[in-house]
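Chemist: Just dropping this structure here.
The values are calculated or read from the model by the stated rules, or taken from the named source; none is laboratory data. Note that this is a predicted model, so its numbers are computed, not measured. Cβ coordinates were reconstructed from backbone atoms using ideal geometry, including for glycine residues, and neighbour counts include every protein chain displayed. Quick note on the areas: whole protein, heavy atoms, side chains included, nothing else; ligands and nucleic acids left out. Shrake-Rupley method; radii C 1.70, N 1.55, O 1.52, S 1.80 Å.
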Amino acid sequence: MSTTNGQWYPPEWPERIRLLSAGELTPVTPRRAATVLLLRDGPDGVPGGQEGEHGANGEQGATDGERGGRAAGLAVYMLRRRASMAFAGGAYAYPGGSVDPRDERMVAWAGPSRAQWARRLGLDESDATHAQAIVCAAVRETFEEAGVLLAGPTPHTVVADTTGDDWETDRLSLVARDLSFAEFLDRRGLVLRSDLLGGWARWITPEFEPRRYDTWFFVAALPRGQRTRNASTEADRTVWIHPGDAADGYDRGELLMMPPTIATLRQLRPHATVHDALVAAPDQDLTPVLAQARLNGDELVLSWPGHDEFTKHIPGAAGESAR
């Protein structure tokens with residue numbers, strides 16, 4: 001990867017783009033996926049810090065040795081993907097993953113209707129079942145990867161504590177797909193709180209990438225009483241960090257991120273509190289962002305509509321790097 005900032009850019013992309021342009025590469029159909037920007041107001045850690053102890057307010061900060069400067073304000077939960085991961089290894093991201101076909105199974109539901117979510121997610125109203133699956137995937141993956149559950153015993157409450165051996169057993173069963181999310185909620189008598197989520201963005205992995213995802217990004221507040229933890233086998237580090245600090249780390253080339261990650265961080269940066277971000281969510285544009293590649297003479301130009309900062313100019317001569 002050749003870049004002056006932290007933009008994730010696989011070295012095999014130029015060749016794959018050329019194959020696609022020549023009609024020698026068939027795009028893979030993207031899998032539906034969901035990811036959650038988990039937010040809180042309060043102190044934050046620094047990139048690379050492990051999860052620490054509960055603070056006075058019951059939330060989690062950085063370890064004593066990693067605290068550095070701490071300030072009040074909006075913080076977002078991020079994890080660093082293990083370098084060994086085939087897709088975006090070493091990159092900072094949010095909890096999330098693919099939709100499980102069983103996420104379409106009916107669950108106890110609170111908040112906007114499935115049809116309303118279909119409209120918000122850019123789907124046809126007849127795709128209410130697909131909309132539910134995307135929302136369920138967002139909630140399920142957040143529990144699987146961060147130990148945080150956006151569900152409660154009633155439509156107006158949220159589980160206060162997800163620690164304990166019984167919760168961990170269920171979480172592992174979900175990860176292993178031995179237990180569907182619908183079965184998990186039903187067995188515990190829980191209602192999915194779709195009203196705690198706000199649609200934030202939608203990005204589709206470029207056509208020349210072999211691992212493709214059609215991903216909806218959501219924002220949600222960390223429920224009172226719950227705490228995050230690195231429950232994912234795909235991550236080696238987690239951190240609560242101000243969006244602006246994370247974006248600055250990317251700009252300095254210190255934090256590796258995929259375009260959707262840094263783009264959503266920049267969109268969060270103007271919001272001082274979790275409340276501000278959640279209020280802004282309904283106005284966020286969920287038009288899918290899909291990279292485009294075109295030939296300009298011998299040069300390949302790779303761009304993401306509406307996001308000029310990610311444009312790459314790839315020389316035709318072998319061995320030259322993108323700029």
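Chemist: Would you mention how many residues in segment 185-213 are within 20 Å of the chain's Cα centre (by Cα) and part of a strand (DSSP E or B)?
Modeler: Pass one, segment 185-213, residues within 20 Å of the chain's Cα centre (by Cα): 192-207, 209-213.
Then keep just the ones that are part of a strand (DSSP E or B); that gives 192-193, 197-204, 213.
Final tally of qualifying residues: 11.
Chemist: Return yes or no: is Gly122 within 19 Å of the chain's Cα centre (by Cα), closer than 21 Å to Asp236 by Cα and surrounded by 15 or more Cβ atoms within 10 Å (Cβ to Cβ)?
Modeler: Considered against the rule, which asks whether it is within 19 Å of the chain's Cα centre (by Cα), closer than 21 Å to Asp236 by Cα and surrounded by 15 or more Cβ atoms within 10 Å (Cβ to Cβ), Gly122 comes out as no.
Chemist: Still on this model: Considering only helices (runs of 4 or more DSSP H) fully contained in segment 108-175, which possess at least 2 residues that are over 21 Å from Trp200 (Cα atoms)?
Modeler: Working: elements: 114-120, 128-146, 165-175.
Fully inside segment 108-175 and qualifying: 165-175.
Chemist: Counting only residues that are more than 23 Å from Ala33 (Cβ to Cβ) and more than 16 Å from the chain's Cα centre (by Cα), how many does segment 227-255 have?
Modeler: Number satisfying all stated conditions: 9.
Chemist: Could you please give the count of residues in segment 258-286 that are within 13 Å of Leu39 (Cα to Cα) and touching a Lys or Arg at 6+ places or on another chain (Cβ under 8 Å)?
Modeler: 1
Chemist: Output the qualifying pairs, or none if there are none: Cβ atoms under 8 angstrom, residues six or more apart or on different chains, first residue in segment 207-225 and over 15 Å from Ala137 (Cβ atoms), second residue assigned to a strand (DSSP E or B) and open to solvent by 40 Å² or more (accessible area, probe 1.4 Å).
Modeler: Glu207/Leu290; Phe208/Ala293; Arg212/Arg31
Chemist: Which is at pLDDT 55 or above, touching a helix residue (DSSP H, G or I) at 6+ places or on another chain (Cβ under 6 Å) and not β-branched (Val, Ile, Thr), of Ala34, Ala83?
Modeler: Being at pLDDT 55 or above, touching a helix residue (DSSP H, G or I) at 6+ places or on another chain (Cβ under 6 Å) and not β-branched (Val, Ile, Thr) holds for just one of Ala34, Ala83, which is Ala34.
Chemist: Give the residues of segment 205-224 that are open to solvent by less than 50 Å² (accessible area, probe 1.4 Å), modelled with pLDDT under 95 and not polar (S, T, N, Q), sorted by residue number.
Modeler: Across segment 205-224, the qualifying residues are Pro206, Phe208, Glu209, Arg212.
Chemist: Hey, any hits in segment 282-299 for a residue that's over 23 Å from Val135 (Cα atoms), touching a strand residue (DSSP E or B) at 6+ places or on another chain (Cβ under 8 Å) and open to solvent by less than 20 Å² (accessible area, probe 1.4 Å)?
Modeler: yes
Chemist: Can you pull out the residues in segment 145-183 that are more than 20 Å from Tyr77 (Cα to Cα) and loosely packed, with under 12 Cβ neighbours inside 10 Å?
Modeler: His156, Gly164, Asp165, Asp166, Thr169, Ala176, Arg177, Asp178
Chemist: Filter segment 256-273 down to the residues that are open to solvent by 10 Å² or more (accessible area, probe 1.4 Å) and either out of contact with any Phe, Trp or Tyr (no Cβ under 7 Å at 6 or more places or on another chain) or in a helix (DSSP H, G or I) (or both), then identify the one that is nearest to Ala220 (Cα to Cα).
Modeler: Thr273
Chemist: Condition first: of a type in the set (D, E, K, R), part of a helix (DSSP H, G or I) and free of Cβ contacts under 8 Å to residues at least 12 places away in the same chain. Can you find one or more residues in segment 241-252 that meet it?
Modeler: Checking segment 241-252: at least one residue is of a type in the set (D, E, K, R), part of a helix (DSSP H, G or I) and free of Cβ contacts under 8 Å to residues at least 12 places away in the same chain.
Chemist: I would also like to ask the following. From the residues in segment 37-57 that are part of a strand (DSSP E or B) and closer than 18 Å to Arg269 by Cβ, which one is modelled with the lowest pLDDT?
Modeler: Asp41
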